[in-house]
Structure formats: C-alpha cells, structure tokens
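Since every read-out is calculated from the coordinates, none of them should be taken as a lab result. This one's a predicted model, so the numbers in the text were calculated from it and none came from an experiment. Positions of Cβ are generated from backbone atoms using ideal geometry, with glycine treated the same way; all protein chains shown enter the neighbour counts.
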C-alpha cells in the first residue's frame, strides 16, 4: 500500500496546513434568535452569540425589517440597554461592528449571569420606537478557559517534538543495526 | 446597486490573521512550484499554480465572504458554502498537486529535520495510505455528509461556533480524502482500477440526491433555527427547497462531470509517461531578484532614509507646534502606535529594516563630512553595558513621564537623537553611535537574531579568493562596513544595521540579503566578526536580559494592577521614583536572581569546561524569543486598536497646512472595540515565543552542555521560560490601556 501511495504523506502535510487555516475560521455568524417583535412599521429581531449567552464578551445583533415587505432597514440608529437590578449597560449597535452588514451589532461585556432585560431602541426618520425582552445569561468560563484551544498549541507542539526526537532515535538505531559489521571487507 | 445589495456584498469578515495565513500558504506553494517547474516543467505547468490558487481563493470566499455571514440566516447560503468546501475547493487544491510544491516551498531544514521523521514513519504512512483507499474514503465522506445533515446535529452546529467549526472541518477533510483517488495528484499512484471510480462517483451522487430530495420534498422546515430567522420575506420552507435544489443540481454536476471525464479518458487509453528531467538549471543561470537589484542600487538606502527623515521632521514640527492632545498629534500617534509595532513585526518577519532606513544616518553622514573625525571610541566604552543602561533609562522614562502622551517631549527626543548622532559620529570614527549608544539600534540588533533574513555572503569560496576585502575596507566608490563586521566571518545579524555598504562595495556581487534559519546562530554559537562568541560576552547577555524582561515590564505598565499600585502614591514627583523602584525590581533584580538561580542549578550537569559566566551568557540568549513575542503581542495591541488613528491626524494636517476641504473624523481615534482576532493572535505569538525558547534551551543543553543528560540542564531554564509565559498570558488577559487613543 505504502509503496503505491508514496508521497501521500507529503500530501497530508499540505492538507494539514490548509486545514489549520480553515478550521479555526469556520464559525457561525449572527447567533441564535433571542426575540422577534414588531414596533410600528418595523420588525425587530435580536440575535445573540454565543449560544447560549454567557458572561463576558457577547455579540448582540439586531435585524430591522419593514413590517409589510420584510425588507431590511439599514438607515436607522440602534442602541441597546441591558438591565439587571441596579446594573445598567448601554451599547450602540452599528453596521461597522457587524460582519453581516444587514445587521446592527453591539458587543457588550456581560458582567453577571441571570435574567437581563434588553431594550432595543430604534431612531429612524425622526421617530423613536423600542421593543424589549428578556435574555438569560449563563455563567461564563474564565478568560483562560475561554481561549483554551490557543493554549493547547504548546503541549501539542511539545508532544510532536518529543515524537520527532523518538522517531529520529529509532531511525538511528535501525541504521546502526543494518550497518555492515566493522570487520566486513568488500571483495 | 441598491443599499441592501451593497450591504450584503460588503459583509466580508476579512480577519487579518486569516488573510495573512492564506497569503503565506499561497506564497509557500508558489516558492516550491517555482523551483519544481524548472526541474519538472511537464509535471508542474502554470495551470497547477493557477488551479491551486483558485482553490485557495474559493476556500477564502467560502470562509470569509458574505456566504459565511449569511449562512446562519439563509440555508441556501449555507448550502453554497458547503458545496464549495466539499465539491469545488478540494479537487482544485488537489489538481494543483500540492504535496511537492509545499514541501519544496517550506524551509529545507524544517522539512528535513522537523517533518522528515514523520514522513518516513511506516505506521503513519500506512495509516495515511489506508485513508485514501477508495472504499474507505467513500465511506468517510458520505457518512460524514449524512451524519451532519441530521437535524439534531445540524442545529447543534448552528448554535455553537465550536461545533460549526468541527462540522466544516469534517466536510473539508473527508472531501479531500474522497477526491484524492479521483484526482490522484502526482506523484501518488493508485493500485485500484480507474474504472472503479465511475461507480464510486455515481454512488456518492445517489447519497447527495437523497439528502437534497429530503430538503425539497419533506414539506416541513427541518432546521428550526432557519424557521426563526426569515430574511427578506422569504419563507423558511422556500429557503429550504432552494437549498435542496442547489445541493441536487450543481451537486450532481460535480460528480457526473469527473465521472464522464474519467470514462472518456479510459476509453481513449491516453496515458502520459513521466520522464525524469535531463537537465537541471545551475544557480548561476538564475537571474538576481528585484530586491537584490534594488539593494545594489547606489541610492537605495538614501531613498528609504529620505522617506523616514521627512516623517521624523513632520513628527518634530507637529510635536512642537501641533495640538497638545497626543491622539490628535502626529508625534503622539506615528512613533508610539505605528512605528514601534511595525518595527517589531518587520524584525520578526523580515529583518532589521528600520536601521536600513534610519533617518538619523543623515546627520551622521553630514557630521563625518563636516568634522572628519579621527578619534576612536573610548576603549572602556567598547561594550554593550552603556547601551543596556540607556535602554533601561528609556523604559523608565517612558513610564515615569508618560512619553507616549506628550507630543512635545516626543519631538524633543527625536531632536535629541539627531543631535546625539551628529555629535558622536562627528567626534569618533566608525559607526560609534549605532554600535555603542543607540537604544533603538540595540533593540533591533538583539531581535534581528531571530530574523529570517540576513546580509551574508553567497559563497565562501568566492571570499577565499578575494584579495581586496572591499566589504570591510571599502573602495574608491563605496565605504566598507563601519561596524567592523567582516563578511566571511560574520554570523547572524547582531550589530548589522543592514546599511548595504558591504552589498554595494563587494566587487564580486557576493554579498546579499539572504534567507536564514532564525536563531540558528544562538544554538551553534560561532565566532562572530567584531563580537567574538556570545557565550564570552556578558555585556551582550545583560543587554538581552534587559530587552527580554523589559518587554514584560513595559506591558505590565499598561494594566490595572500597575496603575492601581502607582496611584496609591500621590504627587507627580513620586511617580518617577515609584516607577524607578519597580523597574529596578522587575528588570534588574528579578532577572539577575532568576538567571543566577538557573545557572547555579544547571551548572553541575553542564559539563566540565563551562564556567558560570558562560552558562548564564549562553542561556540568556535562549530567552530572546519569549521576550520578542511579548514585545510583538504588546505592540500589536496598540497597532491593531489604534491603526486608523493616523487618518484623522493626517486629515487635520492636510486641512491646516494645505487648506484642503477635509474634516478630521476623530471617531477613528476612539475605536470602541477590540478586533476579535487580537487576543488569540497575541496568545499564539506568545505560544510561538515559548516554543522557540524551549527549543533553543533544549538544543543548547543537548549540543553544548550535556549530550547524555540534557534534561538536567534544561529544567531550570525551561521553568524560567514557562514562568515568563505565564506572566505574559496574565498581562495579556488583563484589560489594557488604549494608549494614544482618545478614549484613554
């Protein structure tokens, strides 16, 4: 098999490189729907990511659509307020912060877990409208756990290096075993 | 085009690290392909390059384009993304025959020493060979496709980015295996009959058709996430049916076309035999590259220096006469946000490019012409102790007087630099300012030991026959090296300002900017012209330790624990003293104790001829990568968060100087969020720094200290590197001041 598929390994190395590029980037955008409500002539959908939402940095994105034609509304000013007891956060939601430019994204840092009241305020053509709802925030991991795949690089690389050294040692041993004895003379 | 279409088409992710990785892979392939196409033109025609690049481009589109942004809202978009990942990108990449070009494009020692043992490992060769046996690849691919389209799993992937990553990685990987026997990229060979590939492809099409049919004919929404997120009035069921049609029709074409092509090829009986090349071009036939020709150009360096001189003059003028607020002033933005970050990145990814374009060379040149210096630099100062002390003073002054926040002080520093360069090189021969004084130069020299480019000789043979030694003596047209680096004996970049004098003076065109293995000379410790061996130079080791520990101290100065501690002591006068005490503790006392402790612990196992001084000096250099990584991670933070802040400053200058009708957009200097790729990139930089440091410690311990028991020498120094890594991670995960930004 191996002789017929020689250099297949080289191919897999190449593919590993490609997969290394591809895998971390293959992520979702927008998140899951938190609520969808109509206010006046506008339908407001709030998306949240990660799903379920956890304490720490979060992506809250708003989609505005016209109630009649379901056309995305792009020319509004959108802001979010989040309340939990005495805690009160305000965040501007903009196209600039969104990957999907049909959405308005805000990136608040949610400090505590529990139920949060969210109000989405929309200013458009001089009219103000707002919708509200509740989102549930779960406790989030500490930052060091949040970034765990990036810390994994070190032990994986050290493991590969150890394997590399072991293979080299094994190869050297095999070469010594296969070498002709010192007293052998070519005739 | 209406605004909705513009917004939709503008929804690109464009992460900087991803773009950089794609460009790196494209460049590695190109490097390898360019070499191979000269040896094997029939096997590696231009079409291979174009197909591979097209595959990469489509992979990039699948991952970073609006397709990805809309994939959570529209099943159709998600389906197109999957088709690209499974049916378009893999065959294109394989048609580029990527194995040899990528192996030839990577650094040779890395392939030989790093990948070689894995490539030759029989167990792994057998395993990889088994994965591309047609029935194995077919099963893996189709089971993966069916498995991930089950509603529960598809929903899981839509809810969680981590599962989504895994889903797409499974699709991409198994598709690469599936298309391998179909494309059979050269030089792999199959022992299976090619006729078998026709049922192989048709059976895969049947599976694809079954899944697509379930989308079209199910009559209910299979994935509830899409039911909750309709877009543009499109009903979720219509969206699902459209996705099914996309999977069915174009999906089938991707299987049927290759099946037909294979059948026709087999019926025609075409078979092209491979012939080994009869002639390999010699290196002399290769024309020198554009970069080398530019570097040989007489005015190359003055041209680069002029650009930097104009920038320095603009910083001085705006710093003295412009607004007092640093984010509004060129002197508060350009040197502290952009220049520092770009210098470190250039050092790590190219070489000492700043010294090459240094604007302070111009007053030095003027001083030499006007004053014609005769004296030599005082013997007692011919070391790096003064430079280490000056660098320490710079770090202290930066934090004690908030240099980054004062455009006027920044301007005076630049003026002071010009005056010092003029005075020192007007008094003393050679490049005394660069070699013994300039703190920026020392920072660059130290880090250029890790650079992948070096000014070095092409062939030692040519140097052996040289009688004139123009590279160091100079000639009537061009002076020789002012830092007394004799090219045939030069090793590494230390003390090299990339001034190009040697490149331009060599009559044999034998000195050039060439790629090298980063940090290799730290392991081998060769004799270096004008420097000797690094292990015999405690002054160089001290400089390295100040730079390494200074990286952590400088970043520590930006985080809450430091500002809290300093704010306990009231009064402006107290700050310089407190900072001085902290610096003395963090950059002098702690490193001295740590290095002393590691030296004492490793000395008993370090071999009979190793003095304590040599051990400490040798291993101090191995800490360089982790320090460089900390500098890079820290300065990348400022560069990424404040990159756009230069725009309103330039707009202000254009408005006030040229009366152009542009109004500064100051909101760009108050970026309200961090790029999401920043923290992972910073952690990866520290990971890389730690790994290279551990590797250097291991190699030095094994090759130069104790071949039989290197672990005993390795452990103390490895622990120190791990401790530095831990401190670095802690600093990076703390909220940092956005210096130079309006919100600060």
Pairwise over distinct Cα atoms, reciprocal of the mean inverse distance: report the Kirkwood radius of segment B:467-572 in Å, one decimal place. 17.0 Å
Prolate/oblate/rounded call for segment A:108-161, Cα gyration tensor, a/c under 1.5 rounded: prolate
Average beta-carbon neighbours from other chains, 10 Å sphere, peptide B:65-73: 6
Can you tell me the FRET efficiency between residue A:109 and residue B:574 if r is taken as the Cβ-Cβ distance and R0 is 41 Å, rounded to the nearest 0.05? 0.80
Sort chain B into rounded, prolate or oblate with this rule: let a ≥ b ≥ c be the square roots of the eigenvalues of the Cα gyration tensor; rounded if a/c is under 1.5, and if a/c is not under 1.5, prolate when a/b is larger than b/c, oblate otherwise. prolate
Shielding of A:100-106 by partners, i.e. mean partner chain Cβ atoms within 10 Å per residue? 6
Between helix B:134-149 and chain B: long-axis angle, C-alpha atoms, 0 to 90°, nearest 10: 90 degrees
How much of the DSSP beta bridge set in chain B is antiparallel, as a percent to the nearest 5? 90 percent
Proxy reagent accessibility, fewest Cβ within 10 Å first, across B:345, B:100, B:582: B:345, B:582, B:100
Based on the Kirkwood radius over alpha-carbon pairs, what value in µm²/s does the Stokes-Einstein equation return for the translational diffusion coefficient of segment B:617-744 at 10 °C and 1.306 mPa s? 92 µm²/s
What number, in percent, do you get for the relative contact order of chain B if the mean sequence gap of Cα pairs under 8 Å and at least 6 apart is divided by its residue count? 11 percent
Hey, with R₀ at 51 Å, roughly what FRET efficiency would residue B:514 and residue B:567 work out to, going by the Cβ-Cβ distance, to 0.05? 0.50
Binned at 5 Å starting from 0, the alpha-carbon pair-distance distribution of segment B:341-431 in whole percents comes out as 3, 12, 14, 19, 24, 17, 9, 3, 0
Inverse of mean 1/r across different Cα pairs in segment B:440-495, Kirkwood, Å: 12.5 Å
q = 0.13, 0.21, 0.24, 0.31 Å⁻¹: log10 I(q)/I(0) that the Debye formula gives for segment B:507-562, counting C-alpha atoms only: -0.58, -0.93, -1.02, -1.17
Which values of log₁₀ I(q)/I(0), to two decimal places, follow from the Debye formula for segment A:65-151 at q = 0.11, 0.12, 0.23 Å⁻¹ with a uniform point scatterer at every Cα? -0.41, -0.48, -1.19
Rounded to the nearest 10 degrees, the helix B:590-602 long axis (Cα) sits at an angle to the longest Cα principal axis of chain B of 70 degrees
Grab the beta carbon distance between residue A:152 and residue B:370, set R0 = 45 Å, and tell me the FRET efficiency rounded to 0.05. 0.15
Tell me the label-point distance for the pair residue B:54, residue A:86, using the 7 Å Cα-to-Cβ offset, in nm and rounded to one decimal. 6.5 nm
Taking chain B as the reference, fit the longest principal axis to its C-alpha atoms, fit the long axis of helix B:300-321 to the helix C-alpha atoms, and give the angle between the two in degrees, 0 to 90, nearest 10. 70 degrees
Length-normalised contact order of segment B:559-684, Cα under 8 Å, at least 6 apart, in percent, tallies to 17 percent
What shape does the protein assembly as shown have by the C-alpha gyration tensor, where a ≥ b ≥ c are the square roots of the eigenvalues, rounded means a/c under 1.5, and otherwise prolate means a/b greater than b/c and oblate the rest? oblate
How high is the relative contact order of segment B:66-217? Use alpha-carbon pairs under 8 Å, at least six apart in sequence, and give a whole percent. 31 percent
Between segment B:474-520 and segment B:365-386, what's the alpha-carbon centroid distance in Å? 20 Å
